[in-house]
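These notes are about the structure you will find just below.
Nothing in this text is a laboratory measurement; each read-out follows from the coordinates by a stated rule. These figures come from a predicted structure and were not determined experimentally. Cβ atoms come from the backbone with ideal geometry, glycine included; neighbour counts cover every protein chain shown.
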């Protein structure tokens, strides 16, 4: 952290000293960012708040979450194969040689087990019919019919309708790992944006402090110039340095605004609109916490158990198993048993009927057989499904290796980031000592503005270096939690010592 005194508040421009010629030293302003709402609450903005906003209001995640509705719609569509089908028709033939009136109403229902289909109906046929169409004639109360069709081999255990329904049910479950993968990606991007935003605030403070040192020194040098202790060129040199450092503040201010705008893509209000986090919500970057081998083991175990890629591939394998089971069933012969019954109601006569009227067949049993000789379609489907299953098995194997490597890589980055920060912090401590000593030498008249400026610039560079090291550590920490699927608003750290949502 920059060594900024507690009483080091920004000074109003009228308190700043005058440069020769009457121009005033002006501190760069901090204009508001136009075009979006600003959150200026005093409480520090936590990573959990940002991740919660992503979960609730991030538009791209909301778009991905529509996969649930898409899968549910497809399941409803697949269940349409088991809808009750209703048919109806009416026909009148008049005038002519044969005048008759016919109507037909029917229903059929495919059941979800056994491949059984039930059907039934009612029809009427009144009037004159040619001898070759006497089957259309019914008694005066019409004719009722009903029956069942039952597959004995092909389509008995599974058919296209049941396979599609089973796969659609798996698609409903498959939507979840797709959504979870997107959640991890978006929250990882949000976490990295959050750490960039937090670090930009510290860089701005470090730049402000650099200006404040030069401004304070300008007052001291001005008094010494008045006493004739130093030449006025020393003060002019220092004021040139003030202008240069103010330009650094402008650049730091731009970095803050850019980081705030980037963060607003993830940090949104309840209406889902981007929300600019005010600078009062900034807080210092936390100090890095040394990672341990136990952390790696926990992360790896969690990743292998919780990463959505494994669930997605496992569900895809289940879908392929359904497809292979259906394809294997299609290699069986098509052998269906059917029983149909019909019965006239009322009275009626035809030239072919007996003395008591229409004599309709009441019950008929049938056995239907059909099978392509080569069965190439079914055998090709079996081969394709088997090859696809081998593909998924290899993908699962690679996914495990990939997840393991990702956890190893992110943990290595976290571990190295911690060591890198140690070196950056040591450099900063040494730079502080040298800068303070050089300022003391200037106060005693043993140094000059140029040497002090160089020491302070070196200390400022060390500040920026250390801030960047802390940023990189927490980015790596977020990457590790994304790698082991623990990144989320409900869990903002691994052990208690690394939790940030407190």
**Request:** Per DSSP H run of n ≥ 4, the term is -39500 (n - 2.57); total these for the chain, divide by its residue number, and report the mean residue ellipticity at 222 nm rounded to 500 deg cm²/dmol.
**Result:** -19500 deg cm²/dmol
**Asked** Say each of residue 216 and residue 237 gets a label point 7 Å from the Cα, pointing the same way as Cα to Cβ; how far apart are those two points in nm?
**Response** 2.1 nm
**Prompt:** Normalised by the residues of the chain, what does the relative contact order come to in percent, with Cα pairs under 8 Å and at least six apart?
**Reply:** 22 percent
**Request:** Given the peptides 440-448, 79-87, 144-152, arrange them by the average over their residues of other C-beta atoms within 10 Å, most packed first.
**Result:** 144-152, 440-448, 79-87
**Fill in**
When 421, 57 are ranked with the fewest other C-beta atoms within 10 Å first, the list becomes 57, 421
**Request:** Please determine, in degrees from 0 to 90 and to the nearest 10, the orientation of helix 47-57 with respect to the longest principal axis defined by the Cα atoms of the chain, where the helix direction is its Cα long axis.
**Result:** 30 degrees
**Message:** For the chain, take the longest principal axis of its alpha carbons; what is the angle in degrees between that and the long axis of helix 308-330, to the nearest 10 within 0 to 90?
**Reply:** 20 degrees
**Asked** Tell me, in nm to one decimal, what length is gained between residue 447 and residue 108 on full extension, where the rule is 0.36 nm per residue of separation less the Cα-Cα distance?
**Response** 111.8 nm
**Complete:** quick note, the chain, DSSP beta bridge pairs, % antiparallel (nearest 5) is 90 percent
**Request:** Just rank 371, 187, fewest to most, by other beta-carbon atoms within 10 angstrom.
**Result:** 371, 187
**Item:** Reported label for calculated Rg and Dmax of the Cα atoms in Å given (i) 40.7, 145; (ii) 32.6, 113; (iii) 33.5, 114
**Value:** (i)
**Complete:** Two pseudo-spin positions, 7 Å from Cα along C-beta at residue 271 and at residue 79, lie apart in nanometres by 3.8 nm
**Fill in**
Proxy exposure order for 193, 182, 314 (fewest C-beta within 10 Å first) is 314, 182, 193
**Item:** Helix 293-306 vs. the chain, principal-axis angle (Cα, 0 to 90°, nearest 10)
**Value:** 30 degrees
